[in-house]
Amino acid sequence: MKKILHTLSLLGLLWVLPFSAAHADRIKDLTTMAAMRGNQLIGYGLVVGLQGTGDGSDLSFTTQSMKTLLNRMGVSQENPLSDFEAATSGGKIDLKNVAAVMITAELPGMSKPGQRIDINVSAIGKATNLRGGSLLLTSLRGVDGQVYALAQGSLTATGVDASGAGSKVAVGVATSGRIPSGATVERAVNNPFDKTDNVLLNLRDGDFTTASSIIQAINAKFGADVATALDSVSIVVRAPMDTSQRVSFVSMIENIDVQPGEPPARVVVNARTGTVVISRNVRVTAAAVTHGTISVSVAMTNEVSQPGAFSNGSTTAVQNADIKVSEPNKPMFLFQPGVDLRQIVDAVNQVGATPSALIAILEALKSSGSLRAELLVI
């Protein structure tokens, strides 16, 4: 009983909160503005200053990248390859301390040149640890091939990877890290915020009821036909053309409280951790459920058989097996038509089902057609 109550602690929150008085949410929390969408950036660079955990000289692209970088810095003369090979063979450059990496970042909407953004750095070669490394100046490009940001800085890698005497310990991922505010925006993305007659709001979770509530709230405050719906996700709002007035207008819209629609009935199961989350609207039709497991135990006993006196026999080892089969007497519980979340949890608690048993029961109810909800297994 204690195990299942502990596992279903989240369920307790879910049935207490939704059954309380209805609450309103701000439009800011339910929607995002289309003009503020993010843009993905990517780049290729080098991380230096590693403690012998880099790619080494075996990877051609790491060697080529370092050679090109040194050429740009004026290290080479007439024969760049010979100078580079002489430098590496002479011990002046140790590529074990260098790693080729990919850099990814998200450029927020309306970002302006000079602003800073966070970046992620991940090794792509033989590097085993990026801890303590520094990223050299790298350009970050968008899908159009244009450079939108420049990245450089010291990595923050939380993973630890240590080995010795045939043993290895790994905590987290040591081949990836982050650089907070590690890139500077160099180019702004074209934004339609101040160029169109309307402002487009997109719901985070498409729902016709929520979209209708938002439209009614906006029109009630600013007048009829100010907001219209394109579908269950997008809402078009007529806005002033003056930029300052438009900013104030959008600010007022964001802080309007609306009553969102109820989310669809859904049961989310995490098979790895045994976590089960059941939304408020889940219903079950009439069904009888029982759940039991058969356990088989085999006990081995080793004995020695001694020959009788004055016999020609020999001492022999004898192995005996004691097999027991047990099946617990699990009671059957009955779901009446239309039972809600509280009744489902109470019934499962009475049986004393384990988390894995609860998952099996939910999957069986879904297969039988009695579970009126979407079952998601993650």
> buried (at least 16 other Cβ atoms within 10 Å of the Cβ), closer than 30 Å to residue 359 by Cβ and not aliphatic (A, V, I, L, M) - does that describe any residue in the range 227-247?
Replying inline: no
>> Anything in the range 30-75 that is surrounded by 13 or more Cβ atoms within 10 Å (Cβ to Cβ), of a type in the set (D, E, K, R) and not in a helix (DSSP H, G or I)? List them, or say none.
In response: 37, 55
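Select the strands (runs of 3 or more DSSP E) contained entirely in the range 211-273, then report the ones holding at least 2 residues which are closer than 30 Å to residue 360 by Cα.
Working: elements: 227-229, 234-238, 266-270.
Passing ranges, in order: 266-270.
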> Which one is farthest from residue 190 (Cα to Cα), of the residues in the range 99-118 that are hydrophobic (A, V, I, L, M, F, W, C) and part of a strand (DSSP E or B)?
Replying inline: 99
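Here, each number is a calculation from the coordinates, and none is a lab measurement. If you're wondering where the values come from, they're calculated on a predicted model, not measured in any experiment. No Cβ is skipped: glycine too gets one built from the backbone with ideal geometry, and neighbour counts run over all protein chains shown.
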